[in-house]
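Okay, structure first, notes after.
The values are calculated or read from the model by the stated rules, or taken from the named source; none is laboratory data. Here the structure is a predicted model, which is why all the values come from computation and not from measurement. For neighbour counting, all protein chains shown are included, and Cβ atoms are generated from backbone atoms with ideal geometry for every residue, glycine included.
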């Protein structure tokens with residue numbers, strides 16, 4: 001019998017061309033349940049771009065990318081222009097099943113712009129998967145797990161509020177928490193780490209500074225929170241401070257993770273040589289799921305831990321893609337951040353649910369979700 005990968009390849013070989021006739025780029029602003037503060041920015045709504053790819057037979061695929069001026073340099077207007085003016089014209093008339101040929105041509109035509117490339121790849125693979133009855137992950141790799149346990153971000157003003165929120169989220173099924181640091185006085189953030197650890201003595205706990213600490217402050221934080229048993233401290237220094245990273249990793253045994261500093265395979269190798277213990281892989285930073293899978297395989301070879309994350313905050317469209325990625329990478333030992341949970345309203349008919357502490361990989365074709373086009377119209381930025 002053919003295995004799933006072989007059946008998928010055979011199925012694709014038998015497919016008639018899936019000709020793309022239209023590509024729409026749709027900017028949206030999605031309200032968060034509560035504002036999210038991190039170093040350098042406070043987010044009250046998520047300004048994202050949707051890509052809707054339609055085939056000649058009327059079938060549709062969807063992609064999404066978050067604007068991230070302080071992480072990728074992508075603004076909402078920039079994402080719209082990148083897709084509308086540069087990528088969409090190259091897709092019209094092409095066969096969506098031929099993504100492996102289309103992808104390198106698109107990247108040659110538009111340098112960088114990881115968010116735009118990611119949203120386009122997501123939409124084309126969603127379309128191709130729906131047309132062929134194949135899940136996205138099986139189009140680009142294979143599923144190594146059927147579900148993941150998502151983490152929850154804690155970033156309140158007080159330790160009491162963080163502890164209360166952690167307990168509330170535990171009751172909902174979350175069993176992995178990340179502290180947002182680099183936004184309050186250092187002594188207060190150290191105290192919060194211990195307060196949350198005391199409240200959750202056996203729960204995985206980490207911290208993320210989003211480039212918000214100096215080298216001296218980072219050294220102080222990792223040293224003074226050692227007994228709080230943080231799994232890792234993410235991006236304490238500026239994304240390009242490789243010399244500082246070397247000094248920090250030599251001074252502590254606490255693993256240091258890199259997020260904002262990872263935009264390519266070369267970045268992973270550079271930060272690994274500087275002593276990083278792991279990296280956060282985001283679709284918008286690397287340009288899509290194909291590149292992110294390559295990055296995860298490189299991390300495995302280098303012995304790096306991996307966190308898979310969506311940007312704050314993406315709908316269940318991008319969260320589904322992040323979930324496909326998280327279920328397909330060799331290791332995901334530093335957890336998974338699925339950020340549709342932070343939205344007041346989603347863009348799909350059935351948002352990805354948390355059940356028994358896990359989010360299951362959708363089993364439907366493509367992304368495995370159904371977009372609510374009425375919700376898209378309601379949140380569209382005009």
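Could you check the stretch 35-61 and list, in sequence order, the residues that are touching a strand residue (DSSP E or B) at 6+ places or on another chain (Cβ under 9 Å), assigned to a strand (DSSP E or B) and either in the same structural domain as residue 213 (by TED's automatic domain parsing) or within 25 Å of residue 155 (Cα to Cα) (or both)?
35, 36, 37, 38, 42, 43, 44, 45, 46, 47, 48
Just one of (1) more than 26 Å from residue 111 (Cβ to Cβ); (2) under 15 Å from the mean Cα position of the chain (by Cα) trips up residue 369, so point out which.
Unmet condition: (2).
Among strands (runs of 3 or more DSSP E) lying entirely in the stretch 225-344, which contain 3 or more residues that are within 13 Å of the chain's Cα centre (by Cα) and on the phi < 0 side of the Ramachandran plot?
Hits in the stretch 225-344: 278-281, 305-309.
Could you please give the count of residues in the stretch 301-329 that are out of contact with any strand residue (DSSP E or B) (no Cβ under 8 Å at 6 or more places or on another chain) and more than 23 Å from residue 103 (Cα to Cα)?
Selection size over the stretch 301-329: 3.
Just one of 133, 114, 182, 155 is surrounded by 20 or more Cβ atoms within 10 Å (Cβ to Cβ) and assigned by TED's automatic domain parsing to the domain that holds residue 63; which is it?
From the options 133, 114, 182, 155, the qualifying one is 114.
Filter the helices (runs of 4 or more DSSP H) completely within the stretch 107-184 down to those with at least 1 residues that are within 20 Å of residue 62 (Cβ to Cβ) and modelled with pLDDT of 95 or more.
114-132, 136-140
It is to be established whether one or more residues within the stretch 68-81 are more than 18 Å from the chain's Cα centre (by Cα) and under 28 Å from residue 359 (Cα atoms).
Within the stretch 68-81, none of the residues are more than 18 Å from the chain's Cα centre (by Cα) and under 28 Å from residue 359 (Cα atoms).
Within the stretch 370-379, identify whether any single residue is crowded, with 23+ Cβ neighbours inside 10 Å, closer than 20 Å to residue 125 by Cα and either at pLDDT 95 or above or not assigned by TED's automatic domain parsing to the domain that holds residue 304 (or both), and answer yes or no.
No, the conditions are met nowhere in the stretch 370-379.
Only one of (1) over 17 Å from the mean Cα position of the chain (by Cα); (2) on the phi > 0 side of the Ramachandran plot is not met by residue 113, so which one is it?
For residue 113, the failing item is (1).
Out of 265, 323, 286, 302, which single residue is closer than 29 Å to residue 214 by Cα, assigned by TED's automatic domain parsing to the domain that holds residue 209 and crowded, with 24+ Cβ neighbours inside 10 Å?
Selected residue: 286, the only one of 265, 323, 286, 302 that is closer than 29 Å to residue 214 by Cα, assigned by TED's automatic domain parsing to the domain that holds residue 209 and crowded, with 24+ Cβ neighbours inside 10 Å.
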